[in-house]
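The values are calculated or read from the model by the stated rules, or taken from the named source; none is laboratory data. Bear in mind that the values here come from a model prediction, so they are computed numbers and not experimental data. No Cβ is skipped: glycine too gets one built from the backbone with ideal geometry, and neighbour counts run over all protein chains shown. Ligands, DNA and RNA are stripped out before the accessible areas are found, and what is left, the full protein with its side chains, is counted by its heavy atoms. Shrake-Rupley method; radii C 1.70, N 1.55, O 1.52, S 1.80 Å.
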Amino acid sequence: MEAYLLNLAILISIYSILAVTLNFIMGYAGIYSLAHAVFFGIGAYASSYTALNFSASIFITLPVAMAIGAALSLVLALPALRVRGEYFVAASLGLQVLAVTIFSEWKGVTGGIGGLIGIPPVNIAGLEIYKPGEFIFLTVVTLIVVLVVINRLVHSSFGRSLQAIRDSESAAAAFGKNVPLIKTISVVISAALTAVAGALYASYLAFINVESFMLDTSVLIMAMVIIGGTGTQAGPIVGAALLLLLPSVISYLDFLPQTEIGSIQQIIYGLGMALLMIYRPGGIIGRKKVTSAGGSK
Amino acid sequence: MLALQLAITGLQTGAIYALTAVGFSLIFGSTRIFHFSHGATFIIAAYLFYFVDVSGYGVIPAILAAASGAIVFGLLMYRFIYVPIQRDEGSFFTVFVASFGIGIVVQNVIGMVFGRGYVAVQTSLSKSVELAEGLYVAPLAWIAVLCATVFFAALWYFLRFSTTGMALRALSDNPELVRVFGLNPKFISACAFAIGSLLVVPAAIISGATQGLNPAMGHHVMLISLAATIVGGIGSVPGTLIAGLVLGLAESLALLYVESQWTEAVTFAILFLFILLRPSGLLGRSATH
Amino acid sequence: MTDTHTSSSDVLLEIRGLNKSFGGVKAVDEVSMDLRAGIVTTLVGPNGAGKTTFFNLITGELTKDTGSIRWLGQKIDRIKPYQAARKGILRTFQDLRLFNDMTVEENILTSIEPMSFPTFRTRAQRAEQQERVEYALERTGLADKRHTLANDLAYAERKFLSMARILATDARLWLLDEPASGLDPQSYDRFLDILRVEVKKGVTVCIIEHNLDIVISISDRIAFLDRGRLLADGDPETVLNDPELTAIYFGERA
């Protein structure tokens with residue numbers, strides 16, 4: 001039981017990082033990405049490849065994962081952010097689909113469908129961290145660091161620019177904001193921090209394959225942000241915890257078919273997303289009515 | 001001969017893509033509603049046809065079931081999701097998320113009822129006939145092209161000559177103008193949903209017979225619809241039609257050079273090239289504002 | 001933003017032969033005009049005369065079909081809106097476009113922070129910015145609403161916030177799109193006072209306005225647009241006493 005809870009807590013903190021980083025672009029910049037799991041995957045594969053072939057030191061794997069995540073996010077951001085929001089949704093969906101193919105086909109790096117096994121544990125200056133009881137500290141500390149970084153950004157002039165763009169792109173531009181550049185930077189920052197979550201995830205499980213980085217994961221992360229509360233500090237974490245606890249709650253309810261837990265979970269959060277948008281678009285934590293998140297003018 | 005074979009398959013795929021995408025494009029272009037659960041409409045129609053057909057009621061009842069299921073779902077989405085959201089200033093975000101959420105629900109409900117694996121509609125029409133040496137074409141290919149032609153001709157006639165059709169075209173530019181016609185904008189929007197949803201029915205049925213069905217294919221349908229809408233030019237029905245055909249042909253002809261798992265990458269590449277080089281699309285207006 | 005000084009007769013913005021049409025309809029038709037430093041020019045004309053389009057062309061929100069626009073003698077035909085802002089050309093919008101989910105103070109602060117990169121400000125910069133925010137808050141009477149979300153403001157307050165954003169900047173040219181429409185008489189007076197003080201400090205204003213009382217009391221010069229064409233451009237008395245123009249203006253309004 002204790003091991004089970006510990007495992008859940010580690011997963012919640014990793015998914016919280018994913019939700020917080022997605023919220024950074026979704027809630028503050030109004031960019032709706034269906035490709036968040038791609039950068040999660042890039043972080044996981046990049047750090048695993050580095051750890052397996054060069055060094056398992058966290059001071060090498062993390063920077064590599066972040067740099068590759070950031071660089072590849074430009075592929076999505078540069079073209080897709082010059083145009084309207086719908087284009088980004090389409091482009092990110094396309095990238096997600098393409099990335100799954102690449103993750104399953106590029107055997108030399110990703111291990112193909114079978115994935116990578118025997119990924120070394122996190123190594124901090126010679127100290128190997130693999131026991132869940134120790135790993136939880138690593139993930140929680142990382143989550144806190146990510147939260148602090150994003151909190152600082154949001155309350156800086158850069159964060160204000162992002163929110164201004166979210167509320168009215170044309171007015172932000174009229175006051176000197178280089179809208180495509182600011183949006184691109186926000187996507188790059190988000191992707192780099194997302195890759196950190198990927199690196200932690202890979203070394204925690206010691207095994208990864210493409211199944212963790214498919215469209216379903218992107219959708220799950222988006223649901224966490226939306227249900228918790230878009231554009232709030234605590235919302236994404238609440239959303240991550242809720243949605244990860246959901247399967248355990250469902251499995252307690254004996255009258256539900258146990259083989260369908262995954263489907264029931266998805267139905268609940270799908271329905272939750274739709275109902276929240278009608279009655280409480282700000283999410284559980286957010287304000288009752290969001291008037292113009294993603295305003296188009 | 002292989003190229004010709006692939007071109008004909010591509011034409012069939014293209015006809016299916018065009019039908020699906022034009023449905024989405026019509027709804028988005030006229031109502032400005034980002035109907036992301038259009039993919040759900042597709043799988044509802046496909047599975048209803050499959051279910052009624054497998055149950056032995058025959059093809060005609062199956063088609064009717066698929067068509068009414070699609071239209072009813074489209075109208076329900078409009079009435080019970082989009083109208084309430086738009087009552088208080090529905091942004092792109094709220095509409096997209098709600099629609100997306102319902103799409104997830106539909107996918108999983110269908111997965112629970114029919115299973116998550118592939119099922120296929122059995123028909124002799126999908127058996128290939130050797131037309132020339134080395135050239136095999138199933139009658140379904142011609143049916144797909146014929147269906148697309150008939151549906152698009154009817155749609156063109158409707159948009160061009162009926163009052164409702166003209167009001168539909170005017171809706172996105174000027175809802176007030178629609179009132180001047182003496183028509184209710186909500187009624188016209190509902191029409192857009194009914195017609196847009198109906199258009200996916202032939203595509204869904206034919207896909208069920210050619211490639212088989214899977215509850216998760218709604219996302220693929222949406223990728224194609226979005227890509228064709230953008231490549232064709234947002235708001236342009238003829239543009240989306242051409243783009244759908246082009247994407248289908250490109251996917252198929254790409255098999256001359258790459259393996260089949262990369263066909264979606266071809267769609268993605270075309271979409272990206274357009275976003276990069278010509279964001280207004282083939283026949284669209286300016287995309288930046 | 002620029003801080004070079006020019007004498008009051010200098011031409012800030014020189015517009016020659018400007019054209020823009022939308023699907024065959026000419027929205028701006030061969031307009032030539034000079035905006036001189038320190039002068040209030042009012043654009044009047046019936047709805048649909050092309051006044052807002054004219055603003056959109058200057059700030060780069062729209063690209064012209066033909067013609068030229070020069071800012072301090074330098075061609076600016078191809079600039080983007082954010083570049084226009086950085087050169088010192090700022091505007092308000094008829095539909096305000098406030099940053100609705102940000103507070104009043106944040107709305108003003110973000111308007112004077114043009115940077116696109118995450119940067120740190122020195123204490124002195126911070127103080128200077130805060131001073132400008134306070135000035136804008138005080139002039140527009142929004143000081144005690146500083147922590148209110150823009151979205152929760154009353155109509156007149158929203159209009160003043162739109163003014164406060166521009167007031168806090170050091171822009172040289174203000175393009176104001178119906179900033180006073182729908183205001184009560186008391187707010188009118190506040191608005192006029194804001195404008196007079198800033199013009200005296202050297203700001204150049206081009207304003208779209210329908211209320212003739214306001215037009216008369218603030219204009220140094222009136223430009224009359226109708227169906228995209230500049231029908232008259234001169235001192236207020238001449239333009240307002242032209243029977244032909246008043247016929248167009250009031251005929252359209254009646």
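Summary of values
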{"item": "Flag for A:Ser248 being at pLDDT below 90, of a type in the set (Ser, Thr, Tyr) and either in contact with a helix residue (DSSP H, G or I) (Cβ under 9 Å, 6 or more places away or on another chain) or open to solvent by less than 10 Å² (accessible area, probe 1.4 Å) (or both)", "result": "yes"}
{"item": "Set B:Val106, B:Val52, B:Val113: member being aliphatic (A, V, I, L, M), away from every other protein chain (no Cβ under 14 Å) and over 20 Å from A:Arg280 (Cβ atoms)", "result": "B:Val52"}
{"item": "Given (1) among the β-branched types (Val, Ile, Thr); (2) under 19 Å from the mean Cα position of the chain (by Cα); (3) open to solvent by less than 30 Å² (accessible area, probe 1.4 Å), index of the condition B:Ile275 fails", "result": "(2)"}
{"item": "Subset of segment C:99-143 (residues that are under 16 Å from A:Leu162 (Cβ atoms) and not polar (S, T, N, Q))", "result": "C:Phe99, C:Asp101, C:Met102, C:Glu106, C:Leu109, C:Glu113, C:Pro114, C:Met115, C:Phe117, C:Pro118"}
{"item": "Of the criteria (1) facing another protein chain (nearest Cβ under 7 Å); (2) touching a residue at least 12 places away in the same chain (Cβ under 8 Å); (3) in a helix (DSSP H, G or I), which one C:Thr110 fails", "result": "(2)"}
{"item": "Helices (runs of 4 or more DSSP H) lying entirely in segment B:81-193 (those with 3 or more residues that are in contact (Cβ under 8 Å) with a residue 12 or more places away in the chain and open to solvent by less than 70 Å² (accessible area, probe 1.4 Å))", "result": "B:92-114, B:139-161, B:163-171"}
{"item": "Residue in segment A:147-155 that is open to solvent by less than 20 Å² (accessible area, probe 1.4 Å) and within 30 Å of C:Leu167 (Cα to Cα) present", "result": "yes"}
{"item": "Looking only at segment C:99-150, and only at residues there that are hydroxyl-bearing (Ser, Thr, Tyr) and more than 21 Å from C:Arg190 (Cα to Cα), the one that is most open to solvent (accessible area, probe 1.4 Å)", "result": "C:Thr122"}
{"item": "Residue match in segment A:148-166 (condition: β-branched (Val, Ile, Thr), at the interface with another protein chain (Cβ under 8 Å from one of its Cβ atoms) and either more than 11 Å from A:Tyr28 (Cβ to Cβ) or within 15 Å of the chain's Cα centre (by Cα) (or both))", "result": "no"}
{"item": "Residue tally, condition within 11 Å of another protein chain (Cβ to nearest Cβ) and touching a His at 6+ places or on another chain (Cβ under 6 Å), over segment A:216-267", "result": "1"}
{"item": "Single unsatisfied condition, B:Thr163 versus (1) modelled with pLDDT of 90 or more; (2) hydroxyl-bearing (Ser, Thr, Tyr); (3) touching a Gly at 6+ places or on another chain (Cβ under 9 Å)", "result": "(1)"}
{"item": "Any hit, segment B:253-269, residues being at pLDDT 90 or above, surrounded by fewer than 23 Cβ atoms within 10 Å (Cβ to Cβ), more than 8 Å from every other protein chain (Cβ to nearest Cβ) and in contact with a Gly (Cβ under 8 Å, 6 or more places away or on another chain)", "result": "yes"}
{"item": "Among (1) over 30 Å from A:Ala51 (Cβ atoms); (2) surrounded by fewer than 22 Cβ atoms within 10 Å (Cβ to Cβ); (3) of a type outside the set (Lys, Arg); (4) over 18 Å from the mean Cα position of the chain (by Cα), the one test that A:Met277 misses", "result": "(2)"}
{"item": "Matching option when the condition is in contact (Cβ under 8 Å) with a residue 40 or more places away in the chain and within 22 Å of C:Leu109 (Cα to Cα), among C:Val215, C:Val203", "result": "C:Val203"}
{"item": "Residue among C:Glu237, C:Glu198, C:Glu209, C:Glu244 that alone is of a type outside the set (A, V, I, L, M), over 20 Å from C:Leu12 (Cα atoms) and open to solvent by less than 50 Å² (accessible area, probe 1.4 Å)", "result": "C:Glu209"}
{"item": "Residue ranges of strands (runs of 3 or more DSSP E) in segment C:5-78 with at least 2 members free of Cβ contacts under 8 Å to residues at least 12 places away in the same chain, acidic (Asp, Glu) and farther than 27 Å from C:Arg196 by Cα", "result": "none"}
{"item": "Conditions (1) open to solvent by 30 Å² or more (accessible area, probe 1.4 Å); (2) of a type in the set (Gly, Ala, Ser); (3) without any contact (Cβ under 8 Å) to a residue 60 or more places away in the chain; number of the one not met by B:Ala3", "result": "(3)"}
{"item": "Hits in segment A:64-110 - residues which are without any contact (Cβ under 8 Å) to a residue 60 or more places away in the chain and more than 10 Å from chain B (Cβ to nearest Cβ)", "result": "A:Val64, A:Ala71, A:Trp106, A:Lys107, A:Gly108"}
{"item": "Segment B:37-63 - residue that is hydroxyl-bearing (Ser, Thr, Tyr) and part of a helix (DSSP H, G or I) and, of those, surrounded by the fewest Cβ atoms within 10 Å (Cβ to Cβ)", "result": "B:Tyr47"}
{"item": "Members of segment B:207-221 found to be open to solvent by 10 Å² or more (accessible area, probe 1.4 Å) and either more than 23 Å from A:Ala91 (Cα to Cα) or assigned to a loop (DSSP other than H, G, I, E, B) (or both), listed by number", "result": "B:Ala209, B:Thr210, B:Gln211, B:Asn214, B:Ala216"}
{"item": "Of residues in segment C:212-226 being charged (D, E, K, R) and out of contact with any strand residue (DSSP E or B) (no Cβ under 7 Å at 6 or more places or on another chain), the one least open to solvent (accessible area, probe 1.4 Å)", "result": "C:Asp226"}
{"item": "Some residue of segment C:186-193 being among the polar types (S, T, N, Q) and open to solvent by 40 Å² or more (accessible area, probe 1.4 Å)", "result": "yes"}
{"item": "Identity of the residue in segment B:93-124, over 22 Å from the mean Cα position of the chain (by Cα) and among the aliphatic types (A, V, I, L, M), that ends up nearest to B:Ile44 (Cα to Cα)", "result": "B:Val113"}
{"item": "Residues satisfying the stated conditions in segment B:72-87, i.e. within 10 Å of chain A (Cβ to nearest Cβ) and in contact with a Phe, Trp or Tyr (Cβ under 6 Å, 6 or more places away or on another chain)", "result": "none"}
{"item": "Count of residues meeting criterion [in a helix (DSSP H, G or I) and open to solvent by 30 Å² or more (accessible area, probe 1.4 Å)] in segment A:51-85", "result": "16"}
{"item": "Residue satisfying all of: in segment A:103-128; surrounded by 20 or more Cβ atoms within 10 Å (Cβ to Cβ) and among the hydrophobic types (A, V, I, L, M, F, W, C); farthest from B:Ile230 (Cα to Cα) among these", "result": "A:Val122"}
{"item": "Given (1) assigned to a helix (DSSP H, G or I); (2) within 12 Å of another protein chain (Cβ to nearest Cβ), number of the condition B:Ala18 does not satisfy", "result": "(2)"}
{"item": "Helices (runs of 4 or more DSSP H) contained in segment A:110-209 and holding at least 3 residues farther than 30 Å from C:Asn107 by Cα", "result": "A:132-154, A:179-205"}
